Each structure stands twice: as C-alpha cells, then as structure tokens.
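**Student:** I am attaching a structure below and will ask some questions about it afterwards.
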Amino acid sequence: MATVDDLQFEEFGDTTTSLAANPDATTISIEDPGETPKHRAGPPRGLGREEDDELLGNDDSDKTELLAGQKKSSPFWTFEYYQTFFDVDTYQVFDRIKGSLLPIPGKNFVRLYIRSNPDLYGPFWICATLVFAIAISGNLSNFLIHLGEKTYHYVPEFRKVSIAATIIYAYAWLVPLALWGFLVWRNSKVMNIVSYSFLEIVCVYGYSLFIYIPTAILWIIPQKAVRWVLVMIALGISGSVLAMTFWPAVREDNRRIALATIVTIVLLHMLLSVGCLAYFFDAPEMDHLLTSTAAPNQTVVAAKSS
C-alpha cells in the first residue's frame, strides 16, 4: 500500500536535465495556442505565370473556391436546381453592377466578381428593367417629338415592350450560347485556352447591359447629337468590359482568330445599341416626316376628286 511520502508532489527540473538523467524517456511537446506554426518556405512561383493566373482566373484560389462551392446538385426538373442560380445577396449584385460600370484594365471581371457565385438574378432583372426603360422612353420620345401639333393624337405603342423584350433577351442568351460553344470548340483545338462556363458568360453579358438603362432614359432628349454621344459612352464602357473579360480566354489561340473573336463580340454589342437607338427613338422622327410629306399629297388628291 502506498505511503504518504509516495503521494507527495515532486518538482521536475529542466527538460534537458531530465533527459540527461534518463535518456530513454519519451517527451511530448505541447505548443502554445497563441504561437503561429512555422511553415516551410516553398519554391517561389514565377512572376509571369502568377500574373497569367491572376488575369485568367486560373490560380489555386479559384480551385479552392470552386471546390468549396460544390454542393450536391439537384435534378434539373426540380425547383431547387434553379434556386441556386438566384442565390445572391444585394451587396454582390451592387458590387457586380459597379464593376460593370468601372472596368479595371488588367483585371478579369469573371474572376473578381462572378466566379465565386455566378447568378441569373442580376442579369434577369437588368434585362427586364432595360426592356421597360427602352419601351417607355421610346413612347415618351415619340410624344415629345409631336408635342404641340394640333392634328397629333398620342397613342401608346405597347408592341414596343414585346419587341424590346425579344431583342434584349435573345441577345443576352443566344450570343453567350454561341460564344460558349465557340470557346469549348477552340479549347478542344488549343489546350491552353481558358473556357468559361455558360452561366459565367450569361452573367457577364447581363451585367454589361446595365449601363444602357440610364442611357435609354436619357435618350428621351430629342437631340440626335446628344443621343449618339450617349450611345458611344455606353458602348465604350460595356464593350470594354466584354473585351477585357474574353480577351484572356482567347489570346493563346491563333492571333487572327483571337482578334476576330473580340471584334465580333464588340460589333454585335454595337449592333444592339445602335439598333435600339435607331428603331425605338429615331424611327418616330422618320414616321413623322413620312406623315407630313404624305399629307399634302392627300390634300391634292381630295381637291381633284372634289
């Protein structure tokens, strides 16, 4: 049976002294939680490769974000499958809108704003708002052009809503689909090409159209010079977002194919903006001229018949 002396506490000396007395003893080191562990310095990455990864959104952080964002996918016919495309907060939407209005040279829009959580919420409502902005502004522009004419009777043209919706949504979905298919095809030819997902491309196109919402409202001003200046500013901002986003994805391809791709993207964007301006805002002026020139002819015919 243990005596009282056996149960007394003993003070242990320094670890070095204890190990000298008993070399076969096993030691356990307990680190302080406040101390930061020392990591071995790994081999430095090349500066050129690091810049390419940052521009293309191709580095390890993107892989970590993609792996961390992987969730158990639901079947495409369920509501939960489409609910993930709208899982975005107001701060993210405003941040992406700000990024589309202030493009930063050398920074990739997909990597900075989209890749962590691509969404359809912002593009859908931006396109819907743009449809009504163009249709309503076009009707108001027509009203202001004919304002003060005694023979003019204002009739709202509701068909402009359906026409604007068809043009905007077709552009926001069909062009990204064609571009996505092209990038996938070129990726099979040139392995170094970075291919964005279809959802990321739709997201970029949707947010790039936001600048046209205030532009369409300002198109009410019945001055052709002002309208063309506004469309050039909007085209320069949104077109630069598209060019700087998709140029890193095609620059490793053949030089002519890469330049032709970017030129095609910008030309299609220009066709949308100039077409909307010409059809919804300049067309009423042409109709007014045709009506004013046809009126004297009708008067002459009526006089002859009488």
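**Student:** Tally up the residues in the stretch 105-137 that are hydrophobic (A, V, I, L, M, F, W, C) and without any contact (Cβ under 8 Å) to a residue 40 or more places away in the chain, please.
**Tutor:** Number satisfying all stated conditions: 6.
**Student:** Scan (1) closer than 30 Å to Asp282 by Cα; (2) over 12 Å from the mean Cα position of the chain (by Cα); (3) in a helix (DSSP H, G or I); (4) of a type outside the set (D, E, K, R) for the single condition Gly122 breaks and write down its number.
**Tutor:** In the conditions (1) closer than 30 Å to Asp282 by Cα; (2) over 12 Å from the mean Cα position of the chain (by Cα); (3) in a helix (DSSP H, G or I); (4) of a type outside the set (D, E, K, R), Gly122 misses (2) alone.
**Student:** Let me ask something additional. Suppose the filter is at pLDDT below 90 and surrounded by fewer than 20 Cβ atoms within 10 Å (Cβ to Cβ); does Val93 pass it?
**Tutor:** Considered against the rule, which asks whether it is at pLDDT below 90 and surrounded by fewer than 20 Cβ atoms within 10 Å (Cβ to Cβ), Val93 comes out as no.
**Student:** If Leu218 passes every condition in (1) open to solvent by 70 Å² or more (accessible area, probe 1.4 Å); (2) out of contact with any helix residue (DSSP H, G or I) (no Cβ under 6 Å at 6 or more places or on another chain) but one, which one does it miss?
**Tutor:** It fails just one condition, (2).
**Student:** Separate question: From the list Arg227, Arg251, exactly one residue is touching a Phe, Trp or Tyr at 6+ places or on another chain (Cβ under 9 Å) and at pLDDT below 95. Which is it?
**Tutor:** Of Arg227, Arg251, the one residue that is touching a Phe, Trp or Tyr at 6+ places or on another chain (Cβ under 9 Å) and at pLDDT below 95 is Arg227.
**Student:** If you don't mind, another one. Within the stretch 175-196, can one find any residue that is modelled with pLDDT of 95 or more and among the β-branched types (Val, Ile, Thr)?
**Tutor:** yes
**Student:** Filter the stretch 221-231 down to the residues that are part of a helix (DSSP H, G or I) and touching a helix residue (DSSP H, G or I) at 6+ places or on another chain (Cβ under 9 Å), then identify the one that is nearest to Leu147 (Cα to Cα).
**Tutor:** Lys224
**Student:** Going through the stretch 176-200 one residue at a time, which ones are out of contact with any Asp or Glu (no Cβ under 6 Å at 6 or more places or on another chain), of a type outside the set (Phe, Trp, Tyr) and not in a helix (DSSP H, G or I)?
**Tutor:** Within the stretch 176-200, Met191, Val194, Ser195, Ser197 meet the criteria.
**Student:** Got at least one residue in the stretch 201-213 being free of Cβ contacts under 8 Å to residues at least 12 places away in the same chain and either closer than 22 Å to Ala133 by Cα or assigned to a helix (DSSP H, G or I) (or both)?
**Tutor:** no
**Student:** Now for a different question. Which members of the stretch 237-258 meet the condition of being open to solvent by less than 60 Å² (accessible area, probe 1.4 Å), farther than 26 Å from Phe210 by Cβ and touching a residue at least 24 places away in the same chain (Cβ under 8 Å)?
**Tutor:** Within the stretch 237-258, Asp253, Ile257 meet the criteria.
**Student:** What about Ser240, is it within 20 Å of Arg115 (Cβ to Cβ) and outside any loop (DSSP other than H, G, I, E, B)?
**Tutor:** Judged against the criteria, Ser240 is a match.
The values are calculated or read from the model by the stated rules, or taken from the named source; none is laboratory data. Bear in mind the structure is a predicted one, so any value in this text is a computation, not a measurement. Quick reminder, even Gly has a Cβ in these numbers, built from the backbone with ideal geometry, and neighbours come from all protein chains shown. Calculation scope for accessible area: heavy atoms of the full protein, side chains included, ligands and nucleic acids excluded. Shrake-Rupley method; radii C 1.70, N 1.55, O 1.52, S 1.80 Å.
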